[in-house]
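**Student:** Take a look at this one; I'll ask things after.
The values are calculated or read from the model by the stated rules, or taken from the named source; none is laboratory data. All of these numbers come straight from a predicted model, not from anything done at the bench. Cβ atoms come from the backbone with ideal geometry, glycine included; neighbour counts cover every protein chain shown. Accessible surface areas use protein heavy atoms only, side chains included; no ligands, DNA or RNA. Shrake-Rupley method; radii C 1.70, N 1.55, O 1.52, S 1.80 Å.
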Amino acid sequence: MAAEEITQLNKKYGDFPAHALLETFILKYKDNIALASSMSAEDQVLTHMMAGVNTDVKIFTLDTGRLFPETYDLIAKTKARYKVNIQIYFPEAKSVENMVAEHGINLFYHSIENRKLCCHIRKIEPLRRAFEGLSVWICGLRRSQSVTRENVKVIEWDESNSLLKINPLIEWSDEMLWDYIKQNNIPYNPLHDKGFPSIGCQPCTRAVLPGEDIRAGRWWWENPESKECGLHTKEGKTK
């Protein structure tokens, strides 16, 4: 899709409230739209909103094989609360086996290249399978989450996957997010109450210290500018 078309879509829909934006795109794209949920607080808000529009809308998550137990519990709680079918995509077993055999079980600590390889196999490849047949993916990105997300728009074109990508919560602050969660009694990962503002794979996530950036606990051994797994980079690649 041409850049001018994306600009026009942002002019038309960019100021829509999150719920209205979701409803508009869900009704327009029906079976060709999905929420890619990491079970984050943001994605739980989007799931809550989407369930109010249509419980049959596709929601999927990626099980990397290295998630926290609390994340698995949240998947079950969310399915029960909203009566939605959260589809789970796993990495290809042989690819994981080969990677671990060559680089070790915790390869990601040794170099950025190794960490991005792990993210690619455990996240990017399953994500591409999840995207098959879709026209639009819904994402819970917020600008305040990271320096790598400062220029993200409400509507973007994912060149790597040839999909529209909408970010309904892009302008939301932490306060807006958590007020909405509390007001609507939305289930969320209990690790958020233990100093984990951003939660990914267990070996690559730690609690943040007072005064640290909210993404400081993700891949904490890297510089902030490299802290993306490849799901949200402009090129859609891991390097």
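**Student:** Run down Y188, Y180 and say which single residue is closer than 23 Å to M49 by Cα, out of contact with any Ser or Thr (no Cβ under 9 Å at 6 or more places or on another chain), of a type in the set (S, T, Y) and open to solvent by 40 Å² or more (accessible area, probe 1.4 Å).
**Tutor:** Y180
**Student:** In region 211-229, how many residues are modelled with pLDDT of 90 or more and charged (D, E, K, R)?
**Tutor:** The number of residues fulfilling the criteria is 1.
Residues are listed down the side, and each one gets a yes or a no for (1) open to solvent by 60 Å² or more (accessible area, probe 1.4 Å); (2) among the polar types (S, T, N, Q); (3) farther than 17 Å from S37 by Cα:
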position: N85; (1), (2), (3): yes, yes, no
position: I88; (1), (2), (3): yes, no, no
position: S111; (1), (2), (3): no, yes, yes
position: E132; (1), (2), (3): yes, no, no
position: S135; (1), (2), (3): no, yes, no
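**Student:** Could you go through region 182-202 and let me know if any residue there is outside any loop (DSSP other than H, G, I, E, B), modelled with pLDDT of 95 or more and within 26 Å of E23 (Cα to Cα).
**Tutor:** yes
**Student:** Which one of the conditions (1) assigned to a loop (DSSP other than H, G, I, E, B); (2) touching a Phe, Trp or Tyr at 6+ places or on another chain (Cβ under 9 Å); (3) crowded, with 16+ Cβ neighbours inside 10 Å does L169 fail to meet, given that it meets all the rest?
**Tutor:** It fails just one condition, (2).
**Student:** Let me ask something additional. When G140 is evaluated against the numbered criteria (1) among the small types (G, A, S); (2) part of a loop (DSSP other than H, G, I, E, B); (3) open to solvent by 20 Å² or more (accessible area, probe 1.4 Å), which criterion, by number, is the only one it fails?
**Tutor:** (3)
**Student:** Could you tell me whether any residue of region 15-27 is among the β-branched types (V, I, T), part of a helix (DSSP H, G or I) and open to solvent by less than 40 Å² (accessible area, probe 1.4 Å)?
**Tutor:** Checked against the condition, which is being among the β-branched types (V, I, T), part of a helix (DSSP H, G or I) and open to solvent by less than 40 Å² (accessible area, probe 1.4 Å), region 15-27 yields at least one hit.
**Student:** Can we say R129 is part of a helix (DSSP H, G or I), free of Cβ contacts under 8 Å to residues at least 60 places away in the same chain and within 16 Å of the chain's Cα centre (by Cα)?
**Tutor:** Criteria met by R129.
**Student:** Going through K58, K94, K30, K77 one at a time, which residue ends up being surrounded by fewer than 14 Cβ atoms within 10 Å (Cβ to Cβ) and either closer than 25 Å to M176 by Cα or at pLDDT 95 or above (or both)?
**Tutor:** K94
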